[in-house]
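Let me begin by presenting the structure, written as structure tokens, before commenting on it.
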Amino acid sequence: MKKNDIFEIEITGMTDDGRGVGRINGMAVFVPYVIVGETARVVIIKALKSYAVGKLIEVVKPSPERRKAECPMFYKCGGCAMMHMSYERELEFKRGVVKDCVERIGGFSGLGIDEIVPSPETARYRNKSQFPVTPDGIGMFAPHSHRLIELDDCVIASGECKKIISAVKFWMKSEGIPAYDEAARSGLVRHLCVRTACGGTAVTIVTAKPELPRAEKLIDELKAACPNLTGVIQNVNPKNTNVILGKENRTIYGEPRLMDKIGSVCFMISPQSFYQVNPKQTERLYSIARDYADLKGGETLLDLYCGIGTIGQFMAERAGRIIGVEYVERAVSDARENAKLNGIKNTEYHAGKAEEVIETIVKRGCRPDVAVLDPPRKGCDPKLLKTLAEIPTLKKIVYISCKPSTLARDMKILNSLGFSPKRITPVDMFPRTPHVETVVLMSRVK
Ligand code: SAH
């Protein structure tokens with residue numbers, strides 16, 4: 001098999017990132033935008049020793065689950081991967097990914113996986129969107145590249161984004177503000193980030209240098225485009241990096257933080273702090289975690305990787321004491337302030353790495369009953385899992401994960417340390433993308 005060869009191929013499986021898989025002479029070929037059961041004509045764009053990558057030319061035999069994508073840019077933009085299929089098929093795929101990881105990586109067989117919790121909205125559900133800005137315009141990067149696909153809207157982003165993109169484009173063009181050019185390492189504007197919440201909309205404009213010429217004109221344009229604008233932040237990121245935000249934030253208009261509400265609990269969110277992106281599903285996700293924690297009152301709850309303190313404070317009513325750990329300092333100060341805002345007095349927050357802070361507080365005699373873990377995609381440090389398992393009072397672990405493979409790896413470790421899985425519930429936080437969130441309850445084996 002070589003580059004530019006054309007084949008007709010039957011799709012027999014899917015990868016975790018939503019690409020179809022078929023075989024030609026036993027060799028796996030990965031093809032985006034196809035569905036299991038379809039036959040597709042593909043051209044080979046990459047042929048390696050152990051696998052190949054194909055580009056879809058035509059679907060020869062379409063699946064009954066095939067749909068017209070709701071976004072005109074779907075087949076170019078790298079943001080979504082599932083718009084060519086029905087939402088029901090997408091949900092089935094996601095539950096299948098969780099099941100497969102739990103069985104294959106976790107080594108568990110015969111465990112029941114709950115039905116996936118569908119998102120009430122599959123469009124306009126995101127409260128935060130980040131758009132790269134390059135000399136080619138404002139938009140998204142094509143899959144696995146830094147080639148910019150210009151967009152004037154994003155179907156899964158909030159309605160404000162369209163008007164804000166247009167306002168920033170107009171400002172750059174009319175004021176002669178240059179976009180940052182990654183290759184030449186010159187120019188100014190690198191990213192546009194928009195976050196919306198109950199309290200309004202905050203726009204962060206990421207620049208390569210500290211100066212921001214004609215900022216007052218930008219603010220006027222944004223105010224006109226977005227009546228609920230509450231803040232404009234300039235973030236300075238001079239580094240040659242893929243990380244979007246730099247260290248320095250300057251508020252150039254209004255209030256940098258946004259206020260949001262989950263259930264009856266309020267949260268202030270700083271631009272640097274993590275916050276779940278699908279607000280309706282966040283409430284469901286946290287409610288499931290709260291059910292699994294099943295606090296009776298009086299227990300000590302660990303909220304590890306706590307961000308701005310959301311999960312612990314959502315469960316605070318029934319907890320004796322909440323101990324949160326988070327390594328972004330700004331998020332920790334948000335968490336402390338949010339506890340005050342909500343009149344919750346039984347919280348304490350520590351800034352630092354969960355795996356290090358836990359060791360220290362356990363040595364000092366802290367005896368938690370339940371731990372909630374909500375780590376980033378790479379999962380937990382095994383040291384943390386070991387420390388948790390050694391706490392004699394700890395009976396339950398509620399693990400919330402945005403990556404099934406690392407979740408399954410950590411479940412296997414926890415299982416070897418004396419915890420067994422009781423419930424596994426996938427939640428669709430990210431419709432139309434291949435990502436899936438999962439809540440797992442693990443209890444100590446008596
Ligand atoms: N539970 C929160 C945040 C979850 S996202 C919520 O639902 O909103 C994961 C969080 O873990 C992020 O805030 C990130 O900054 C933090 N984090 C990443 N690695 C960490 C570590 N080793 N120790 C503590 N916090 C960490």
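Answer yes or no as to whether residue 345 is in the same structural domain as residue 286 (by TED's automatic domain parsing), open to solvent by 70 Å² or more (accessible area, probe 1.4 Å) and either closer than 21 Å to residue 106 by Cβ or within 10 Å of the ligand (Cβ to nearest atom) (or both).
On the way: in the same structural domain as residue 286 (by TED's automatic domain parsing): yes; open to solvent by 70 Å² or more (accessible area, probe 1.4 Å): yes; either closer than 21 Å to residue 106 by Cβ or within 10 Å of the ligand (Cβ to nearest atom) (or both): no.
So residue 345 does not fit the description; no.
Give the residues of the range 279-330 that are touching a Leu at 6+ places or on another chain (Cβ under 6 Å), within 13 Å of the ligand (Cβ to nearest atom) and farther than 27 Å from residue 119 by Cβ, sorted by residue number.
322, 323, 325 - these are the residues of the range 279-330 that are touching a Leu at 6+ places or on another chain (Cβ under 6 Å), within 13 Å of the ligand (Cβ to nearest atom) and farther than 27 Å from residue 119 by Cβ.
Only one of (1) of a type in the set (Ser, Thr, Tyr); (2) over 29 Å from residue 442 (Cβ atoms); (3) in contact with a helix residue (DSSP H, G or I) (Cβ under 8 Å, 6 or more places away or on another chain) is not met by residue 134, so which one is it?
Looking at each condition in turn, residue 134 falls short on (3).
Tell me the residue from 40, 52 that is in contact (Cβ under 8 Å) with a residue 40 or more places away in the chain and closer than 23 Å to residue 28 by Cα, please. Explain how you work it out, then say what you get.
Details: 40 fails: in contact (Cβ under 8 Å) with a residue 40 or more places away in the chain.
Matching residue, one of 40, 52: 52.
Keeping to the range 331-342, report how many residues are more than 15 Å from residue 372 (Cβ to Cβ), within 12 Å of the ligand (Cβ to nearest atom) and aliphatic (A, V, I, L, M).
Within the range 331-342, the subset more than 15 Å from residue 372 (Cβ to Cβ) is 331-334, 336-342.
Narrowing the set further to residues that are within 12 Å of the ligand (Cβ to nearest atom) leaves 331-332, 334, 338.
Retained after the next criterion (residues that are aliphatic (A, V, I, L, M)): 331-332.
Number of matching residues: 2.
Taking only pairs six or more apart or across chains, which ones have beta-carbon atoms under 6 Å, a first residue in the range 320-332 that is β-branched (Val, Ile, Thr), and a second residue that is within 6 Å of the ligand (Cβ to nearest atom)?
So the pair list comes out as 325/354; 332/326.
Among (1) of a type in the set (Lys, Arg); (2) in contact with a His (Cβ under 9 Å, 6 or more places away or on another chain); (3) at positive phi, which single condition is residue 432 missing?
(2)
If you go through the range 230-277, how many residues are assigned to a loop (DSSP other than H, G, I, E, B) and either within 14 Å of the ligand (Cβ to nearest atom) or open to solvent by less than 70 Å² (accessible area, probe 1.4 Å) (or both)?
Residues of the range 230-277 assigned to a loop (DSSP other than H, G, I, E, B): 237-247, 255-257, 263-264, 270-277.
In the following step, the residues that additionally are either within 14 Å of the ligand (Cβ to nearest atom) or open to solvent by less than 70 Å² (accessible area, probe 1.4 Å) (or both) were identified as 237, 241, 243-246, 256-257, 263, 270-277.
Final tally of qualifying residues: 17.
Just one of 98, 53 is among the β-branched types (Val, Ile, Thr) and surrounded by fewer than 20 Cβ atoms within 10 Å (Cβ to Cβ); which is it? Write out each step before concluding.
On the way: 98 fails: surrounded by fewer than 20 Cβ atoms within 10 Å (Cβ to Cβ).
The match here is 53.
Hand me the list of strands (runs of 3 or more DSSP E) wholly inside the range 124-194 holding 3 or more residues that are open to solvent by less than 60 Å² (accessible area, probe 1.4 Å) and assigned by TED's automatic domain parsing to the domain that holds residue 208. So that I can check it myself, show each step before the final result.
On the way: elements: 128-134, 137-141, 148-150.
Fully inside the range 124-194 and qualifying: 128-134, 137-141.
Between a first residue in the range 1-22 that is within 28 Å of residue 402 (Cβ to Cβ) and a second residue that is assigned to a loop (DSSP other than H, G, I, E, B) and not β-branched (Val, Ile, Thr), which pairs have beta carbons less than 6 Å apart while being 6 or more apart in sequence or on different chains?
Qualifying pairs under 6 Å: 11/38; 17/434; 18/81; 18/82; 18/434; 19/32.
Checking the condition within 24 Å of residue 437 (Cα to Cα) and open to solvent by less than 30 Å² (accessible area, probe 1.4 Å), which residue from 40, 69, 28 passes? Lay out the reasoning, then the answer.
Values: 40 fails: within 24 Å of residue 437 (Cα to Cα); 28 fails: within 24 Å of residue 437 (Cα to Cα).
Answer to the check: 69.
Out of the range 355-382, which residues are near the ligand (Cβ under 10 Å from one of its atoms) and of a type in the set (Lys, Arg)?
Of everything in the range 355-382, those that are near the ligand (Cβ under 10 Å from one of its atoms) and of a type in the set (Lys, Arg) turn out to be 377, 378.
Return only the number of the condition from (1) buried (at least 20 other Cβ atoms within 10 Å of the Cβ); (2) outside the structural domain of residue 432 (by TED's automatic domain parsing) that residue 60 does not satisfy.
Tallying (1) buried (at least 20 other Cβ atoms within 10 Å of the Cβ); (2) outside the structural domain of residue 432 (by TED's automatic domain parsing), residue 60 fails exactly one: (1).
Table: residues versus (1) closer than 17 Å to residue 73 by Cα; (2) of a type outside the set (Asp, Glu); (3) at pLDDT 95 or above; (4) in contact with a helix residue (DSSP H, G or I) (Cβ under 6 Å, 6 or more places away or on another chain).
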position	(1), (2), (3), (4)
144	yes, yes, no, no
149	yes, yes, yes, no
156	yes, yes, yes, no
161	yes, yes, yes, no
165	yes, yes, yes, no
171	no, yes, yes, yes
174	no, yes, yes, no
179	no, yes, yes, no
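The values are calculated or read from the model by the stated rules, or taken from the named source; none is laboratory data. Because the structure is predicted, anything quoted here is derived from the model rather than measured. When we count neighbours, we look across all protein chains shown, and the Cβ atoms used for this are built from the backbone with ideal geometry, even at glycine. Calculation scope for accessible area: heavy atoms of the full protein, side chains included, ligands and nucleic acids excluded. Shrake-Rupley method; radii C 1.70, N 1.55, O 1.52, S 1.80 Å.
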